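Heads up: the structure comes next, in structure tokens.
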Amino acid sequence: MKKPNVIIGKKQIVLASMTLILGMAVYINYVASQSAPELEATEVISGGTSIAYGDTQSVNGSATDSASYFAQARIDRTRSRDEAIETLSLIMNGGDSTEEEQTVATQNAVALSELIETESKIENLIIAQGFEDCVVYLDGEKASIVVKSDGLTAQQAAQIKAILLNEVEVANENIRIFDVN
């Protein structure tokens with residue numbers, strides 16, 4: 001009887017380590033999501049008020065705090081997108097990945113670049129409406145918009161929603177609009 005040959009190649013090591021990293025990421029995401037349960041749009045928040053479309057969340061702070069908030073938000077968003085792009089480019093250019101993996105990575109890279117372009121376009125359109133500053137976060141299914149304002153009216157929130165919906169398709173319950181003073 002022949003002895004099985006147990007030679008572990010680079011592909012197997014890379015595949016095993018990527019599987020392990022993916023498993024750790026899923027576990028960390030699961031643990032993090034357990035700490036803050038999501039509320040449905042119709043549920044009541046502990047303060048006794050319900051959040052409906054057009055309502056905004058005000059964040060009090062000085063002008064320098066809000067300016068640094070927007071700068072930090074852009075830096076954080078850019079950093080996370082750069083990490084995603086780097087990972088995708090490693091998969092696309094890696095000699096160990098299959099053609100199918102490279103195709104999927106290419107499609108993800110194109111989708112990510114379209115999201116980045118759309119976020120920038122929406123931010124510019126919202127600022128053109130007279131808002132001082134704005135940061136838009138899109139993930140394909142959800143949209144979060146943070147606007148520098150002393151308080152949004154329902155009409156302003158509707159304008160922001162109209163701009164968003166002209167550029168992307170997002171369900172109303174997945175749109176969050178926040179204002180920062």
Pairs where the first residue, in segment 84-112, is of a type in the set (Gly, Ala, Ser) and the second is in a helix (DSSP H, G or I) and modelled with pLDDT under 80, C-beta under 6 Å, 6+ apart
97/91; 105/88; 105/91; 105/92; 109/88
Out of all the residues in segment 162-174, is one or more exposed (fewer than 15 other Cβ atoms within 10 Å of the Cβ), in contact (Cβ under 8 Å) with a residue 60 or more places away in the chain and over 25 Å from residue 67 (Cα atoms)?
yes
Looking at segment 51-83 only, could you name the residues that are at pLDDT below 80, surrounded by 13 or more Cβ atoms within 10 Å (Cβ to Cβ) and of a type in the set (Ser, Thr, Tyr)?
53, 56, 58, 66
Selection count, segment 135-146, where residues are crowded, with 20+ Cβ neighbours inside 10 Å and touching a residue at least 40 places away in the same chain (Cβ under 8 Å):
2
Those residues of segment 130-181 which are within 30 Å of residue 109 (Cβ to Cβ), assigned to a strand (DSSP E or B) and among the aliphatic types (A, V, I, L, M), in sequence order:
135, 136, 138, 143, 145, 146, 147, 175, 177
Report, by residue number, each residue of segment 85-112 that is under 13 Å from the mean Cα position of the chain (by Cα) and surrounded by fewer than 13 Cβ atoms within 10 Å (Cβ to Cβ).
111
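The values are calculated or read from the model by the stated rules, or taken from the named source; none is laboratory data. Fair warning: this is a prediction, and the values are worked out from it, not measured in the lab. Here Cβ is always computed from backbone atoms with ideal geometry, including for glycine, and neighbour counts include all displayed protein chains.
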